[in-house]
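Undergrad: Structure incoming, see below.
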Amino acid sequence: MMFRTLKASVVSLLGLAAGGRFRVVGYQPQGAEAEEVKGDLRLVQVFFSGGQIPKSGGGSAGPVAHNVTVKIELTAAKASEGELAPLVNPASTPVEFAAALASFTSAAELAADSMDELIDIVFQILMDGRNIDLGLDPGDVSNRWIERIDKGEPSPRGELVVISGSMDLTCRVSEALLGDAGVPSDPDLGAAYGELELNMPDSDSADAAPAAIRGGGI
Amino acid sequence: MNLRAQAEADLSVSLEDAVTGFGMPVELISPDGEKIQVNGQVLYDSIETDASGLQIIVHKPVVTVRRSSLSRVPLATDSPRWACRIPTSPVPGADIDTFLVERPMETGGSLGFVRLYLARAEQAP
């Protein structure tokens, strides 16, 4: 379906525009270490999160309109930053130590700023007029819009602070109804297992079971 | 000596002794620049619960020191935060890494040890 092409195209579009400012993946990782998303390793995950196919949007045999929502999840992590040099210098005086400690900006503040910047960058890429087709051929996509932006709270993860955010990218594509006639199963496998696994009445006779159960396909 | 006092006294070996105990050099720097050098136990990884309720192992050093060995105890109300310098590994002569002490911290009211959770500190660009 077209939404799969669309998702791949959004991944490619963001990846080409990232320029080392963030990383893009087209799936939802099963959790990420804070170190993996620290600094410019900020992570952008693109995945299809749902769609609506209005009944009035096409015929039963022809192309149908598909209002797609592509979820874009953003993750960033930061450490506290400040004047580290006096803290590692054994010759520093107490006054220099105190000044160095006072210079640190909290990781939570830096992580929140990093997320704001990432939201800005991704929004500007996707809403750029030159990307109105989201990397597809002209006319393949319509109604492109970022409908919602959410930003989470910074939270400590290990020795860093992690923050997440998300965007809902909505658009409309046309889905062709190609149909799927099914894949015939292996007849030998069907003969071996078809009747054994099902508690069918009159299973003594192979002819009593429908063709699909005997492994003849749907 | 009651059990609580005995447990506190045992910290001189279990936490502080570098030969028979877990002792490693720990340097604390207070918000007003006072440097405190003690021996303590350093664990480099800890267990956290993530947003979905799963327990995960994260790289987050935790330092445990004997409260009675400190001339001043770090408090959650201290501002700015304390710094803590620990070896990067238990191998003698390892490099020293610098962290900030995270809030909240345990202040050692129960059994006489203070547990400090460390957050990474980096040079500002």
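Undergrad: Somewhere in region A:134-153, is a residue under 30 Å from B:Tyr117 (Cα atoms), of a type in the set (Lys, Arg) and within 14 Å of chain B (Cβ to nearest Cβ)?
TA: Taking every residue of region A:134-153 in turn, none turns out to be under 30 Å from B:Tyr117 (Cα atoms), of a type in the set (Lys, Arg) and within 14 Å of chain B (Cβ to nearest Cβ).
Undergrad: Moving on. Output yes when any residue across region B:108-125 is within 28 Å of B:Arg4 (Cα to Cα), within 14 Å of another protein chain (Cβ to nearest Cβ), in contact (Cβ under 8 Å) with a residue 24 or more places away in the chain and touching a Leu at 6+ places or on another chain (Cβ under 9 Å), and no when none is.
TA: The answer is yes; a qualifying residue exists.
Undergrad: Look at region B:90-111 and say how many of its residues are modelled with pLDDT of 90 or more and either outside any strand (DSSP E or B) or aromatic (Phe, Trp, Tyr) (or both).
TA: Filtering region B:90-111 for residues modelled with pLDDT of 90 or more gives B:94-101.
Add one more test, that the residue is either outside any strand (DSSP E or B) or aromatic (Phe, Trp, Tyr) (or both), and what stays is B:94-95, B:99.
Going through region B:90-111 one residue at a time, the tally reaches 3.
Undergrad: Any residue that is over 21 Å from A:Ser92 (Cβ atoms), surrounded by 19 or more Cβ atoms within 10 Å (Cβ to Cβ), basic (Lys, Arg) and more than 9 Å from chain A (Cβ to nearest Cβ) - is there at least one of those in region B:55-66?
TA: Yes, region B:55-66 has at least one match.
Undergrad: Any residue at all in region A:73-84 that is open to solvent by 30 Å² or more (accessible area, probe 1.4 Å) and among the polar types (S, T, N, Q)?
TA: Among the residues of region A:73-84, not one is open to solvent by 30 Å² or more (accessible area, probe 1.4 Å) and among the polar types (S, T, N, Q), which makes the answer no.
Undergrad: Okay, moving on. Which residue is nearest to A:Val162 (Cα to Cα), if the candidates are limited to region B:18-48 and must be within 9 Å of another protein chain (Cβ to nearest Cβ) and assigned to a strand (DSSP E or B)?
TA: Going through the qualifying residues, I end up with B:Glu48.
Undergrad: Select, from B:Thr20, B:Thr49, B:Thr77, the only residue that is in contact with a helix residue (DSSP H, G or I) (Cβ under 7 Å, 6 or more places away or on another chain), open to solvent by 70 Å² or more (accessible area, probe 1.4 Å) and not aliphatic (A, V, I, L, M).
TA: Step by step, each of B:Thr20, B:Thr49, B:Thr77 is checked, and only B:Thr20 is in contact with a helix residue (DSSP H, G or I) (Cβ under 7 Å, 6 or more places away or on another chain), open to solvent by 70 Å² or more (accessible area, probe 1.4 Å) and not aliphatic (A, V, I, L, M).
Undergrad: Oh, and also: Open to solvent by 70 Å² or more (accessible area, probe 1.4 Å), under 28 Å from the mean Cα position of the chain (by Cα) and either within 13 Å of chain B (Cβ to nearest Cβ) or in contact (Cβ under 8 Å) with a residue 12 or more places away in the chain (or both): is that true of A:Gln45 in this structure?
TA: Answer is no for this residue.
Undergrad: For region B:92-101, does any single residue satisfy the condition of being within 17 Å of A:Gly82 (Cβ to Cβ), among the aromatic types (Phe, Trp, Tyr) and surrounded by 13 or more Cβ atoms within 10 Å (Cβ to Cβ)?
TA: yes
Undergrad: Out of A:Phe123, A:Phe97, report the one residue that is of a type in the set (Phe, Trp, Tyr) and either open to solvent by 60 Å² or more (accessible area, probe 1.4 Å) or away from chain B (no Cβ under 14 Å) (or both). If you could, list the steps in order and put the result at the bottom.
TA: Working: A:Phe97 fails: either open to solvent by 60 Å² or more (accessible area, probe 1.4 Å) or away from chain B (no Cβ under 14 Å) (or both).
Answer to the selection: A:Phe123.
Undergrad: From the list A:Lys55, A:Lys38, pick out the single residue that is touching a strand residue (DSSP E or B) at 6+ places or on another chain (Cβ under 7 Å) and basic (Lys, Arg).
TA: A:Lys38
Undergrad: Could you check region A:110-160 and list, in sequence order, the residues that are on the phi > 0 side of the Ramachandran plot and free of Cβ contacts under 8 Å to residues at least 60 places away in the same chain?
TA: A:Gly139
Undergrad: Based on this model, can you work out whether A:Ala102 counts as within 14 Å of chain B (Cβ to nearest Cβ), at pLDDT 95 or above and open to solvent by 30 Å² or more (accessible area, probe 1.4 Å)?
TA: Details: within 14 Å of chain B (Cβ to nearest Cβ): yes; at pLDDT 95 or above: yes; open to solvent by 30 Å² or more (accessible area, probe 1.4 Å): yes.
When the stated conditions are applied, A:Ala102 passes them.
Undergrad: Same structure again: Can you pull out every residue in region A:170-185 that is surrounded by 10 or more Cβ atoms within 10 Å (Cβ to Cβ) and either touching a residue at least 40 places away in the same chain (Cβ under 8 Å) or small (Gly, Ala, Ser) (or both)?
TA: Those that are surrounded by 10 or more Cβ atoms within 10 Å (Cβ to Cβ) and either touching a residue at least 40 places away in the same chain (Cβ under 8 Å) or small (Gly, Ala, Ser) (or both): A:Thr170, A:Cys171, A:Arg172, A:Val173, A:Ser174, A:Glu175, A:Ala176, A:Leu177, A:Ser185.
The values are calculated or read from the model by the stated rules, or taken from the named source; none is laboratory data. For clarity, every value in this text was computed on a predicted model and none was experimentally measured. Cβ atoms come from the backbone with ideal geometry, glycine included; neighbour counts cover every protein chain shown. Ligands, DNA and RNA are stripped out before the accessible areas are found, and what is left, the full protein with its side chains, is counted by its heavy atoms. Shrake-Rupley method; radii C 1.70, N 1.55, O 1.52, S 1.80 Å.
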